[in-house]
Amino acid sequence: MDKRTFLKQLSVAGIGTMAGMVTMGTGSDALAALPDGGDEDLFWATVRKGYDLSPDFINLENGYYCIMPLAIQVRYFAHIKEVNREGAHYMRTVQAENKTKITTRLAALAGCSAEELIITRNTTESLDLIISGLHWQRGDEAIMAEQDYGAMLDMFTQVAQRYGTVNKRISIPHNPASDDEIVKLYADAITPRTKLIMVCHIINITGQVLPVRKICDMAHARGVKVMVDGAHALAHLQFSISDLNCDFYGASLHKWLSAPLGSGMLYIRKEHIPALWPLFAEEGKEKDDILRLNHTGTHPPPADLTISDAIDFYEKIGAARKEARLRFLRHYWTDKVQDLPGIIFNSPRSPERSCAIANVGIKGMPPATLAGTLMEKYHIYTVAIDKEATGVHGVRITPNIYTTTAELDQLVQALKELAA
């Protein structure tokens, strides 16, 4: 028996053992039983059965981490078992080949070449690699928004302290009059010293979707590169990286793709690969080989292997159907509360500028108090957002595909009572 056949049989045996567990089998069966027809209520009720949800609270904080459905957990645990059984033999023989196959499949989903994509641990690692890896010189400028993620803003600050660069921050309005208003904010900040623009695909604190392609086209016409924070966009919105015309794109796969924690990706336009410094030195690879930038030492393969299973689940749901469901859930509750007295609505009102995520506050109530009250009194878990620089004071509400309208009705009732 050759090595590949042997490892394949080990994998199948491990999966069979895990699928025999009662709770895991239920999740896997639920995925297989998804109805093909157009009955949306039945479809999403079946999807919900495939999750192991806490009975203690309603989880409306899926923006941090979208928990794995049981169908993906089955595969994840099987991969852990397989790698643990094989040990160094697995790591030294088929690990690299398997990761290449998964990268190729992920690139097809993301809409780019596999030669321009690497698997990372999260968006922070991906984008910090770019920020720290560029060849900065004193006086070079970078443009970003107050609404950008803190970890990347911190890295820009560190680069400025280290190399003498200049960071210029703009602020994105919650309800812009048009895409042009947003594009102009970035355009007006550009000078001859501008080297890089960072832009969110979806702003994490408000859920606002930005016109990435228009920003990239404008920046490139002025000779400026664009790095996109796509932490919340992949498997949330339907898009292709190649259509965005960006230079760099980072995402977290443990968010909307529902891969295991510690799964991310980074796209780098091929022409930019040779000019970047890796986070960890890697010798023996050509300058234009993106794997030169992917060295992190010994890395646990099960999370990487499960990315392919998460893609299976996403494709079974259907990209268009998932995005439509997330938009429906968002507007189901926001349409009921956003104009009520006492409510502060911190997200765009235009449907095309948002999807699943929104942010809401109560006048006179600190965000931490609101989040605590929702959890303690109403058993609804959210996260407080209190950022003076952005004017966002509220809680982020992020349903997922397993969320029911009955759960959102409880949120609406809680907000009405607190606002009153």
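The values are calculated or read from the model by the stated rules, or taken from the named source; none is laboratory data. Please read these numbers as outputs of a predicted model, since none were measured by experiment. So basically every Cβ, Gly included, is an ideal-geometry build from the backbone, and we count neighbours across all protein chains shown.
Results, tabulated for the structure shown:
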{"read-out": "Pairs with Cβ under 6 Å, 6+ apart, first in segment 164-189 and without any contact (Cβ under 8 Å) to a residue 60 or more places away in the chain, second charged (D, E, K, R) and surrounded by fewer than 13 Cβ atoms within 10 Å (Cβ to Cβ)", "value": "164/138"}
{"read-out": "Flag for residue 312 being more than 17 Å from the chain's Cα centre (by Cα), closer than 24 Å to residue 209 by Cα and modelled with pLDDT of 95 or more", "value": "no"}
{"read-out": "Any hit, segment 236-257, residues being among the basic types (Lys, Arg), on the phi < 0 side of the Ramachandran plot and at pLDDT below 95", "value": "no"}
{"read-out": "Among residues of segment 346-387, those that are of a type in the set (D, E, K, R) and in a helix (DSSP H, G or I), counted", "value": "4"}
{"read-out": "Members of segment 337-366 that are buried (at least 21 other Cβ atoms within 10 Å of the Cβ), in contact with a Phe, Trp or Tyr (Cβ under 9 Å, 6 or more places away or on another chain) and farther than 12 Å from residue 398 by Cα", "value": "361"}
{"read-out": "Segment 36-54 residues that are without any contact (Cβ under 8 Å) to a residue 24 or more places away in the chain, paired with ones that are small (Gly, Ala, Ser) and assigned to a loop (DSSP other than H, G, I, E, B) (beta carbon under 7 Å, 6 or more apart)", "value": "46/33"}
{"read-out": "Residue 18, sole failed condition from (1) in a loop (DSSP other than H, G, I, E, B); (2) crowded, with 19+ Cβ neighbours inside 10 Å; (3) modelled with pLDDT under 95", "value": "(1)"}
{"read-out": "Residue list for segment 58-87, restricted to those being within 19 Å of the chain's Cα centre (by Cα), β-branched (Val, Ile, Thr) and under 14 Å from residue 403 (Cα atoms)", "value": "67"}
{"read-out": "Among (1) assigned to a loop (DSSP other than H, G, I, E, B); (2) more than 18 Å from the chain's Cα centre (by Cα) - the single one residue 220 does not satisfy", "value": "(1)"}
{"read-out": "Residue 75 being buried (at least 22 other Cβ atoms within 10 Å of the Cβ) and charged (D, E, K, R)", "value": "yes"}
{"read-out": "Selection count where residues are outside any loop (DSSP other than H, G, I, E, B), among the hydrophobic types (A, V, I, L, M, F, W, C) and surrounded by 16 or more Cβ atoms within 10 Å (Cβ to Cβ), scope segment 253-309", "value": "10"}
{"read-out": "Subset tally (residues that are more than 24 Å from residue 388 (Cβ to Cβ) and aliphatic (A, V, I, L, M)) for segment 338-347", "value": "1"}
{"read-out": "All positions within segment 310-345 that are farther than 13 Å from residue 355 by Cα and either in contact with a Cys (Cβ under 9 Å, 6 or more places away or on another chain) or outside any helix (DSSP H, G or I) (or both)", "value": "318, 338, 339, 340, 341, 342, 343, 344, 345"}
{"read-out": "Filter result for residue 231 (in a strand (DSSP E or B), closer than 30 Å to residue 403 by Cβ and within 19 Å of the chain's Cα centre (by Cα))", "value": "no"}
{"read-out": "Qualifying residue in segment 36-50 (condition: modelled with pLDDT of 50 or more, aromatic (Phe, Trp, Tyr) and over 22 Å from residue 411 (Cα atoms))", "value": "yes"}
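Results for (1) exposed (fewer than 15 other Cβ atoms within 10 Å of the Cβ); (2) within 30 Å of residue 62 (Cα to Cα); (3) of a type in the set (Asp, Glu), shown as yes or no for each residue.
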{"position": "169", "(1), (2), (3)": "no, yes, no"}
{"position": "175", "(1), (2), (3)": "yes, yes, no"}
{"position": "178", "(1), (2), (3)": "yes, yes, no"}
{"position": "190", "(1), (2), (3)": "no, no, no"}
{"position": "193", "(1), (2), (3)": "yes, no, no"}
{"position": "197", "(1), (2), (3)": "no, yes, no"}
{"position": "205", "(1), (2), (3)": "no, yes, no"}
{"position": "222", "(1), (2), (3)": "yes, no, no"}
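For (1) in a helix (DSSP H, G or I); (2) polar (S, T, N, Q); (3) touching a helix residue (DSSP H, G or I) at 6+ places or on another chain (Cβ under 9 Å), each residue gets a yes or a no:
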site: 142; (1), (2), (3): no, no, yes
site: 147; (1), (2), (3): no, yes, no
site: 157; (1), (2), (3): yes, yes, no
site: 172; (1), (2), (3): no, no, yes
site: 180; (1), (2), (3): yes, no, yes
site: 191; (1), (2), (3): no, yes, no
